[in-house]
1. At 1.4 Å probe size, with the rest of the protein present, what percent of the exposed accessible area of segment 162-251 is carbon and sulfur atoms?
2. Would you mind counting up the charge near residue 337? Only other residues with Cβ under 12 Å from its Cβ, with Lys and Arg at +1 and Asp and Glu at -1.
3. Order the following by accessible area, largest value first: 269, 277. Probe radius 1.4 Å; ligands, DNA and RNA are ignored.
4. Could you give the accessible area per residue of segment 375-416, probe 1.4 Å, as a whole number in Å²?
5. Can you tell me the length gained on complete extension of the stretch residue 391 to residue 71, counting 0.36 nm per residue apart and subtracting the Cα distance?
6. Taking R0 as 51 Å, what FRET efficiency do you get between residue 229 and residue 110 from their Cβ-Cβ distance, rounded to the nearest 0.05?
7. Rounded to the nearest 0.05, what FRET efficiency do residue 173 and residue 450 have when you use their Cβ-Cβ distance and R0 = 41 Å?
8. Please work out how much accessible surface residue 343 shows to a 1.4 Å probe, ignoring ligands, DNA and RNA, in Å² rounded to 10.
Amino acid sequence: MRRLAALMAVAILAGGMLPANAVPVPVIASDNVELLSTIPLAGAISTAFDPTRPYMYVNTTEGITVFDISDPALPVPAGNLVLPHFENEGMAIGQRADGTTFVLIGIDLFGVNPGGPGQVTVDGSSVYVVDVTDPGAPTVRSWLNVTSSTHTIQCMNPECTVAWTSGVYGGGKMHAVDITDLSAPREIGQLSNINGSSYGVHQWTMVGEDTVVGTGGRGTGVYDVSNPLAPVPLNTTDQNGSRAPYNDFIQHNGDLKNADRLLALDLDDQLALANADDFSIDNGNVLLVTEEDYDSPDCQGTVGIDAPEGGFSTWAVPYLDAGQHLADNPELKGDAGTVYPLDTWNTELYDTGIATPAGALCSAHYFTTHEAGFVAQGWYGQGTRILDVRDPSDITQVGYFIAADTSETWHAYWVPERDEDGAVTGHDTNIVYTNDAVRGIDVLQVELPETAPEDTPGVIAPILGAWLDPAAAPRLSPARFGCRLPSTVPAAPTTDTGVGVSLLGTTQ
């Protein structure tokens, strides 16, 4: 009854109940992934977890919804802010010593603040500071127009006194924003020494106290941000960081779990691990990267390039050292470092003669990393994938969840473990929250394997009529959520709808 009451409350908070004639959605899931509940929150895009209290803040196209996650298996709505905008796909959170908590809303296409002075942003770059100190009453504290793209904007320290823009869509320029005064944020300078390109850096990810990973059009770099106005590159991807199959559109987001462990070693000891081919999540010398690439309607990758749609890859990090990196890469090019690929994984099943139908949007998107060495990856129309990266040279799929023709999964988050006071412990639970732009939030419980099994067998799913004609099912169209599609779409397959296509694939 509590679960039913909570879901009804979410539906009301989200703006309406499910239709009375709703039919069950076919679900394709591995035996070790259980759907606990689905919260129908329209346009769910990104989430941030409170570091000291059991709350999460979910960004949607309609605003910010706060959930009490004291019971991580059952999120319960606690507050809501109406703030229509797009798209803030990388949620950022800051918290001050006095308990003041806030999230940053990056707006790169449009934004409307109904409770403010009539501020409307269209095709611009701005950031809203939303105060969530009172979870039941989130409010817009301030807003700022900035010079470069806020497609994503991220804090550069836990207090979030400084944040960086992404530079996407803005010629590769990125800027620092001072948020010391939450009521008066201000732009304080343009960044330099960044592994950029004309596409900028798509996503910044804090991976240590003073360390960030930046993924972009020219590959991925790791930076020391002890001085957030003067980032220092520690290493970047090699030439593979800017070419297929690792990047034929953009390296979208990344993670370097346990980076501080590698940085605690001197350069000789770091190189000793590399020379011994001792790369692991535990050692902090394995970079994880998603490449986003969704511009081919048959899911075979960028038109004219012999590479699959965007996938997930692992990279060896021989060292993180500013001096050595400068010696090896004196021009500090983003694709001339010494970080090299170990393995790549994609959901497509090749050489079958059957292409994934148009509209399925089969690129990888955002992921998070479980401390035990497992990735939960949102894969747009291909649902949520659980990947074993304990052996980074052999990525193995060990779980999956796909809600047939209704998935458009942008994010998958391992839910953090909390102590009795509600603060995060630094460990992860085995529960995953998804952000699905069509479904809302799926709450999944995952049984993680002790040892890596063989590749999960591909599951054959029927071709659904809605996939064959995006115009007949606009909720599936990437254009609805700002993704680009080519101007022409191939004719629908002539095969009978009983013919199957693999959604689950094998390791490359």
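The values are calculated or read from the model by the stated rules, or taken from the named source; none is laboratory data. Only a predicted model underlies this, so the values are computations on that prediction, with no experimental measurement involved. FYI the Cβ positions are ideal-geometry reconstructions off the backbone, even for glycines, and counts take in every protein chain you see. Remember, those area values only see protein heavy atoms, side chains included, never the ligands or the DNA or RNA. Shrake-Rupley method; radii C 1.70, N 1.55, O 1.52, S 1.80 Å.
1. Values: 1280 of 2940 Å².
Its accessible area is 43 percent carbon and sulfur atoms.
2. Residues close to residue 337 contribute a combined charge of -3.
3. Per-residue accessible area, sorted high to low, gives 277, 269.
4. Per-residue accessible area for segment 375-416 comes out at 13 Å².
5. That works out to 112.0 nm of additional length.
6. Details: r = 30 Å, r/R0 = 0.59.
With R0 = 51 Å, the Cβ-Cβ based efficiency is 0.95.
7. 0.30
8. Looks like 20 Å² after rounding.
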